[in-house]
1. If you take every DSSP beta bridge fully contained in the stretch 121-268, what fraction is antiparallel? Give it as a percent rounded to 5.
2. If you take all C-alpha pairs in the chain, what percent of them are over 33 Å apart?
3. If you take the beta carbon distance between A48 and V243 as r and set R0 to 22 Å, what does 1/(1 + (r/R0)^6) give as a FRET efficiency, to the nearest 0.05?
4. With label points built 7 Å along Cα→Cβ from the Cα atoms of A110 and T272, find their separation and express it in nm.
5. What is the P(r) of the stretch 193-324, as percent of Cα-Cα pairs per 10 Å bin from 0?
6. Calculated FRET efficiency, D96 and R177, Cβ-Cβ r, R0 22 Å, to nearest 0.05?
7. Take W108, W271 and order them by how many other Cβ atoms sit within 10 Å, fewest up front.
8. 222 nm [θ] for the chain, helices only, -39500 (n - 2.57) per DSSP H run of 4+, per residue, to 500?
Amino acid sequence: MSVVPIASVASLRAHRIAGYAPGPRLIVTGAVHGNETAGTRGIERVLAEIDSGQIEIVRGSVTFVPVCNPLAYREGRRMGDRNLNRRLQPTATPQDNEDRIARVLCGWLAEHEVLLDLHSFRSPGRPFVMRGPADNRGTLEPFAHAAAEARLASHVGPNRVVEGWMQAYADGVAARRKRALTPGAVHEDPSYGVGTTEYMRAAGGYGVTLECGQHEDPLAPQVAYHAIRQTLALLGLAELPLVPPAEPFDCLALAEVIDRHAEGDHFVKTWTSFDPLAEGEVIARRADGTEVQAPSAGHIVFPDASALPGHEWFYFARRSARPL
Ligand SMILES: [Zn+2]
């Protein structure tokens with residue numbers, strides 16, 4: 001399989017295939033974080049199958065962006081100058097690599113109706129999907145496509161589904177503001193929680209983030225590849241067999257983000273994302289010895305032992321009552 005070369009870190013490359021019959025407009029993105037290459041490999045494999053005629057796009061269109069952050073990808077790093085998947089918005093006066101990417105990428109996202117965003121993660125674990133909110137007319141993340149998004153989330157492969165990102169992030173920002181005197185505290189805006197899927201929803205579409213596995217997991221590109229084929233089948237873009245959802249689903253909602261306050265704050269053990277927690281279980285100790293306990297039964301998600309003081313340390317998730 002040919003690997004897409006990074007010849008330029010001053011431009012983005014997209015591959016678009018449009019069937020002659022009308023249909024949904026899908027965009028598939030890889031390497032939003034430069035060291036997360038499972039999606040890039042999955043996209044390359046599907047492109048090769050389109051080139052050879054094994055997959056034929058007959059309806060609607062699909063746009064593949066194998067590498068959304070060329071600079072970070074070339075360096076094998078998560079970010080160029082900052083996290084592309086936060087505060088994603090086009091700006092009139094770009095200040096850094098990610099601002100420059102956003103000017104192009106946001107326009108591309110807005111031209112489409114459905115997004116499949118392919119990522120991977122640092123610590124070991126099984127793949128999962130992140131979906132958006134229920135339909136609502138609120139101000140944080142108004143949405144009207146929850147049913148279609150749930151259908152997509154249920155077909156991409158994994159049976160673990162996580163929701164509640166924007167609300168947990170916004171609550172975290174509010175808590176950070178309350179603690180504003182904490183040295184090193186980051187003063188953020190809830191809009192900093194906007195990444196690819198959130199931008200897509202704000203632009204009138206819907207989408208899911210698929211976390212394909214650990215960065216180096218040799219199976220992760222296969223997870224990405226399967227998800228792309230499933231999405232093409234589900235949306236009717238190609239005549240491919242559609243594998244039924246992997247029920248039962250394990251649905252979790254992010255309920256709270258806990259920041260690291262000081263260098264002395266430490267976990268009581270090496271946590272892995274989705275480790276179960278009992279009510280009152282000690283998760284960590286603050287520098288002054290205060291215990292950080294689980295507020296109820298649930299799971300620890302995205303623990304980052306080396307988080308900078310004033311930044312996200314881990315998330316606490318509970319079982320979600322929202323059906324898929
Ligand atoms: Zn990522």
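Just so it is clear, none of the values below were taken in a lab; they were calculated from the coordinates. All of these numbers come straight from a predicted model, not from anything done at the bench. Glycine also receives a Cβ, built like all others from the backbone with ideal geometry; neighbour counts cover every protein chain displayed.
1. On the way: 4 of 11 bridges.
The antiparallel proportion sits near 35 percent.
2. Values: 12514 of 52326 pairs.
So the pairs more than 33 Å apart make up 24 percent of the total in the chain.
3. Working: r = 21 Å, r/R0 = 0.94.
After rounding to 0.05, the efficiency reads 0.60.
4. 4.3
5. 10, 29, 33, 19, 7, 1, 0
6. Working: r = 24 Å, r/R0 = 1.10.
Given R0 = 22 Å and the Cβ-Cβ separation, E is 0.35.
7. Numbers: W108 17, W271 20.
Taking fewest neighbouring Cβ atoms as first place, the list is W108, W271.
8. Numbers: 7 runs with 80 residues, N = 324.
Counting only the DSSP helices, I get -7500 deg cm²/dmol.
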